[in-house]
């Protein structure tokens, strides 16, 4: 079932709600960028309320999709994505210093995002079972090892280089490797079936946003619209991840 058939067969009210949420998300994120006022002190053009609201809308999208599916594989897959997006939103609240105002906002935020990615990985494991893809094949191991190496190099360039050793630096390494593992699993799924290409692109955009944010947090990088770049990459990536259940192949639905 492709996305257009899904919209055709979806009951009227849930379909209208989903389309409305997509429009609202795009309006908050991209409308906030084009209509917002740039603030050099925060490196943002998109207002904070619009950024966080867009993230919350994706939480609603994720749970709406989970409640829509009836087939076991797709429903469980979407449930893990919804849980992951929920923890991602909690991470957004921590990073915005709305839950904790002290310096602890960073480890708590990273922790929430890490839990979210563990949920995404659990959903991908569900998809791996659906496509009957073993994780110990040479290609799977090679792709995963390559992405972990990319994560290590990215951490060295954006976090470690020029910094003194510290606990947060190595916590960032573990977090970055987790994001790379998520991208690796998504890439392996997309190589098995093109239905998961959107999922892979979403994890890639999330990883790119994290690398840019790491430059800001750990090396003090500051350039115009840096914060907007982070959010445009991050939120678009999250959208592609949580909506990937729309493209879940009908042949994998199970019974």
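The values are calculated or read from the model by the stated rules, or taken from the named source; none is laboratory data. The model shown is predicted, which means the values in this text are computed figures rather than measured ones. Every residue, glycine among them, receives a Cβ derived from its backbone with ideal geometry; neighbour counts consider all protein chains shown.
Of note:
- Residue that is modelled with the highest pLDDT, among those in the range 230-255 that are assigned to a loop (DSSP other than H, G, I, E, B) and either crowded, with 20+ Cβ neighbours inside 10 Å or on the phi < 0 side of the Ramachandran plot (or both): 243
- For residue 193, the criteria (1) in contact with a helix residue (DSSP H, G or I) (Cβ under 6 Å, 6 or more places away or on another chain); (2) closer than 19 Å to residue 120 by Cβ hold in every case but one, which is (1).
- The residue list 176, 227 contains one member that is at pLDDT below 95, buried (at least 20 other Cβ atoms within 10 Å of the Cβ) and touching a strand residue (DSSP E or B) at 6+ places or on another chain (Cβ under 6 Å), which is 227.
- The range 62-117, residues that are in contact with a helix residue (DSSP H, G or I) (Cβ under 7 Å, 6 or more places away or on another chain), touching a residue at least 40 places away in the same chain (Cβ under 8 Å) and part of a loop (DSSP other than H, G, I, E, B): 69, 96
- Each residue in the range 23-61 was checked for being closer than 23 Å to residue 86 by Cβ and touching a helix residue (DSSP H, G or I) at 6+ places or on another chain (Cβ under 7 Å), and 19 of them qualify.
This table checks each residue for (1) more than 21 Å from residue 92 (Cα to Cα); (2) assigned to a loop (DSSP other than H, G, I, E, B).
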position	(1), (2)
136	yes, yes
142	yes, no
151	yes, no
176	no, no
195	yes, no
208	no, no
